[in-house]
């Protein structure tokens with residue numbers, strides 16, 4: 001066979017092989033544009049679900065962390081309230097929130113709701129960033145709470161006297177009242193039942209906000225009067241004080257007109 005014929009035959013064979021290869025290649029099930037789009041969509045869906053799952057997991061962790069902080073703050077408040085001293089914001093931030101003051105407002109708002117709805121207590125800001133716990137259950141009778149009842153008796157007498165005297169009185173007037181009751185005598189403030197009366201009145205009751213010192217002379221801080229403190233106003237009422245005196249004398253509370261009017265005015269303001 002001549003070389004020209006062999007070349008022509010080889011060329012034909014090559015074309016046949018290429019055509020056959022192309023037929024085989026085209027006959028295979030290869031992914032078309034729609035199939036690629038579906039797989040891409042599936043990958044996006046899986047990634048989206050993964051991100052959503054991670055986000056929800058992160059949210060759950062944040063919620064659990066917040067609830068734990070709320071629970072810890074409530075526990076701390078009940079323990080700290082045993083002293084009856086106002087609880088400071090700085091104490092809560094330091095002892096419960098790990099020094100993170102930025103979350104205080106958010107946490108304390110939830111704490112206030114939880115205390116009211118679950119425990120029946122209210123958290124009252126009596127001074128700037130200072131709080132006291134109060135029982136929300138309405139009680140027309142005094143419900144002062146002390147670990148030692150003798151303090152309650154003494155404080156009760158003092159608060160009643162201050163109210164009846166005109167809602168405030170000088171320290172010397174208060175001492176005279178206690179002398180007349182035989183609780184103190186000749187500047188001797190030690191009592192076998194009440195203990196150190198001077199310390200209770202001038203330090204403990206003041207620190208606990210049952211009593212408030214009101215300066216009457218700005219130029220002389222030693223000139224002051226005692227009045228009801230913020231805690232006393234929340235745990236005690238003018239009506240119960242006046243009723244206590246009326247029961248002793250066996251007459252109507254209207255007998256003391258000034259005190260009665262002060263009581264009515266106070267109740268109207270607190271409605």
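Here's the yes/no breakdown for (1) surrounded by fewer than 18 Cβ atoms within 10 Å (Cβ to Cβ); (2) modelled with pLDDT of 95 or more; (3) over 31 Å from the mean Cα position of the chain (by Cα):
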{"residue": "211", "(1), (2), (3)": "no, yes, no"}
{"residue": "214", "(1), (2), (3)": "yes, no, no"}
{"residue": "218", "(1), (2), (3)": "yes, no, yes"}
{"residue": "222", "(1), (2), (3)": "yes, no, yes"}
{"residue": "231", "(1), (2), (3)": "no, no, no"}
{"residue": "236", "(1), (2), (3)": "no, no, no"}
{"residue": "241", "(1), (2), (3)": "no, no, no"}
{"residue": "249", "(1), (2), (3)": "yes, no, yes"}
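For region 188-209, give me the residue count where each residue is under 29 Å from the mean Cα position of the chain (by Cα) and exposed (fewer than 14 other Cβ atoms within 10 Å of the Cβ).
The total comes to 1.
From the list 97, 77, 123, 133, pick out the single residue that is at pLDDT 90 or above, under 20 Å from residue 210 (Cβ atoms) and touching a helix residue (DSSP H, G or I) at 6+ places or on another chain (Cβ under 7 Å).
Unique residue meeting the criteria: 123.
Count, please, the residues in region 66-93 that happen to be without any contact (Cβ under 8 Å) to a residue 12 or more places away in the chain, over 27 Å from residue 234 (Cα atoms) and surrounded by 11 or more Cβ atoms within 10 Å (Cβ to Cβ).
Adding up the residues that qualify gives 1.
Of the conditions (1) closer than 30 Å to residue 87 by Cβ; (2) buried (at least 18 other Cβ atoms within 10 Å of the Cβ); (3) in contact (Cβ under 8 Å) with a residue 60 or more places away in the chain, residue 167 fails just one. Which one is it?
(2)
Determine whether residue 97 is surrounded by 17 or more Cβ atoms within 10 Å (Cβ to Cβ), over 19 Å from residue 119 (Cβ atoms), in the same structural domain as residue 130 (by the TED database) and in contact (Cβ under 8 Å) with a residue 24 or more places away in the chain.
Taking the combined requirement at face value, the residue satisfies it.
The values are calculated or read from the model by the stated rules, or taken from the named source; none is laboratory data. Source: prediction; values computed, not measured. Backbone-built Cβ (ideal geometry, glycine too); neighbour counts: all protein chains shown.
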